[in-house]
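Written below as structure tokens is the structure these notes are about.
The values are calculated or read from the model by the stated rules, or taken from the named source; none is laboratory data. This structure is a prediction, so every number in the text was calculated from the model and none was measured. The area values use the complete protein model at the heavy-atom level, side chains included, leaving out ligands, DNA and RNA. Shrake-Rupley method; radii C 1.70, N 1.55, O 1.52, S 1.80 Å.
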Amino acid sequence: GMLAGGMVDGSIKIYSPAALIAGEGADPLVASIDRHQGAVRGLEFNPSVSNLLASGAGESDVFITDLSNPGSPSVYSPGAKSNAPPSDISCVAWNRKVQHILASTSHSGLSVVWDLKLKKPVINFTNSANRGQRNSVIAWNPEVATQIIVASEDDAFPSMQIWDLRNAFAPVKELTGHSKGILTASWCPQDENLL
């Protein structure tokens, strides 16, 4: 296995857990990837294709790292950046049903769905009711490939919104209850009714 860490200097460090556990002088660092500008805030391995690592950082940077050869990883962009002003990517998430679909969200409130086969963004969406929303989390429904949740870390608007990407003009449902901004969230892989 491999362990990945996103660093504040924009690098991604790939470690060997076996070397970390052995601790007998073996260097646990397998690779260091220096492609991002600004701190890496979003990082996730593809659950279906374990050698693919998605990452997101400042300046709307989203990259895919192919770790088929961990000592010499290849890095590429999932597609052209949007025309929106650059923002810090706060989270990336692989679709649980379609292995070549990736989502990212940013502190500007813009969420993007990327198609790696087409090598371009296929859907961009924001909450038109709260254009200043500061997104912190994006996560896919484990059972419904077109549903995604976006959470806000804004203390003035602490909510989670469920979006159906077949009609991405407004959220299908809004979940409230937190008194402060939401910093992390996950969808239960065994029960889509639990967040």
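Observations on the structure shown:
- Cross-link reach list, aspartates and glutamates versus Lys117, counting only Cα pairs under 20 Å and skipping chain neighbours closer than eight places: Glu44, Asp61, Asp66
- Linear extension gain, Ser72 paired with Glu174, 0.36 nm per residue minus alpha-carbon span: 32.4 nm
- Region 21-60: C-alpha gyration tensor shape, a/c 1.5 cut-off, then a/b vs b/c: oblate
- Region 1-157 - percent of accessible surface contributed by carbon and sulfur, probe 1.4 Å: 50
- Cα gyration tensor, region 152-195 - rounded (a/c under 1.5), prolate or oblate: oblate
- Along principal axes, Cα extents of region 49-91, largest first, whole Å: 35, 18, 17
- Scanning residues 5 or more positions from Gly181 or on other chains, those with amide H under 5 Å from its amide H are Asp155, with H placed 1.01 Å from N in the peptide plane.
- Accessible surface, per residue, of region 99-195 when the full set of protein chains is kept, probe 1.4 Å, Å²: 52
- With eigenvalues of the C-alpha gyration tensor scaled by 5 and rooted, the chain, Å: 29, 18, 17
- Under the criterion of Cα pairs below 8 Å and six or more residues apart, the relative contact order for region 52-195 equals 15 percent.
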